[in-house]
Every structure is written in structure tokens, then in C-alpha cells.
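Here the structure comes first, spelled out in C-alpha cells, and everything after it is commentary.
FYI, it's all coordinate maths here, none of it is from the lab. What you are looking at is a predicted structure, and each value in this text was computed from that prediction instead of being measured. FYI the Cβ positions are ideal-geometry reconstructions off the backbone, even for glycines, and counts take in every protein chain you see.
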Amino acid sequence: MLTVYLLRHGQTAWNADNNRYCGRTDIPLTEKGMAQAQEVRYQLEGIEFANVYSSPLQRAYTTAQIASGGEVEKDQRLIEADFGNWEGKTKEEFIAENAAGWDNWLRDPSSCRAGETGETGAEIVARVDDFFRSVQEKYQQGNIMVVAHNGINRLYMAYKLGMPLSNYRQLVQQNSSITCFTLDEKGMLTLELLNSRLR
């Protein structure tokens, strides 16, 4: 059985600015974000990881480097969702511009494009699921660390837990908190920890 420690990256300036949608914009961690990643390293001290993976965006990669203290393998499939016209805006800002676009996404993110021009939830889930399937082919057991993003992490977990993708926002993943799940030989996900501290 494979154990996955799934992290959301540490805080960025846009997270601190009323959760401005960052998407593919490649911005760094704040000082607080780096401290959060260091705290995760302390929390996970003593756990051996067969590999550490991250999104190619620097906020995730830097978090993974600090949290693991070792080598990190970037994987394009872990990049944050393409949020289209929502990129760089707060929810309040883009709802004021086009409330219907947000309503459509909330109702059916599986087939609706984020920000009208971005990815669908189904496209996001397909690439993240492909990543985890390929990792399971390589590691049937042991521990891995995966550092990615709020959007894709929650959509993937919702999918694997059998939830409609429209419910993904009911899963909360805080910056640099520890979420842990197992994947058995059939790919069944069991959620062990969500937004947790180990010590």
C-alpha cells in the first residue's frame, strides 16, 4: 500500500491578498510561506520518503525542497489549474465581472471551464489521476511526498472519494498543512489525515 503525504504549497502574496487566484502565475512564497514549509519539515521528521514530487511552479517546488530537505522531482501533471479569466483576480472581482461563469463552475466543474477559458474539472482530474497511477506503478508501497495546489488537490480527492466534483470546495486544504492518504493495489484512496499536525 502506498502512503501519500499531499501538501498544498506555503503562503504566497496572492494567498494573503484575499486569496487572489494564482493558477499558472509563477510567484514565490512569502517569508511566512517558507516558515510554513519549515514547520512541515519538522512535522514529518523521521518519515522516509521513496520520492518527493512537486508541481513545476516555484511556490510548490520551494515548499517541497524545504519540507523534504532533499531532491524533488517536478511533474507537469501537478501544475495548478488553468483558471482562465479568473487568473490574478479575487473571487469577488471576477464574480462582479461575470457571475454566471462562477455559478456554472460551481454547478458542474467537471464539464465547465474555469474562468470560461481554462481547464475543466474532468481535464484536471484526468492528469492528476494519471500522475498517481504512474507513481503507483513505480512504488507499490512506502511513502511519497507530493506538493501541489489547492485546486487540483481538492478536485482529485473529491474524485477518488466518490464525490461529485461540484462538492470539491467542501474539502479544505490549508497552506503547508499535512494531508495523508493511502492508495491500495486497486487504486482505492483512504483519507487518513486532512489539514493535520503530526506533533
Using label points projected 7 Å from each Cα along Cα→Cβ, tell me how many nm separate GLU192 and GLU71, to one decimal. 2.4 nm
Straight-line reach from LYS186: which lysines have Cα under 23 Å away, leaving out those fewer than 8 places along the same chain? LYS138, LYS160
Along Cα→Cβ, 7 Å out, is where each label goes; now give me the distance between the ones at ALA13 and GLN141 in nm to one decimal. 4.8 nm
Karplus-derived 3J(HN,Hα), 6.51/-1.76/1.60, for each residue of region 75-88, Hz, glycine and proline x: 9, 4, 5, 9, 5, 5, 4, 7, 8, x, 6, 7, 4, x
Taking every eigenvalue of the Cα gyration tensor of region 45-180, multiplying by 5 and rooting it, what semi-axes result, largest first, whole Å? 29, 16, 13
Would you work out the relative contact order for region 1-152, in percent, from Cα pairs under 8 angstrom that are 6 or more residues apart? 35 percent
Order the peptides 172-178, 142-148 from the highest to the lowest mean number of other Cβ atoms within 10 Å of their residues. 142-148, 172-178
Neighbour-count order for GLU48, GLU39, fewest beta carbons within 10 angstrom listed first: GLU48, GLU39
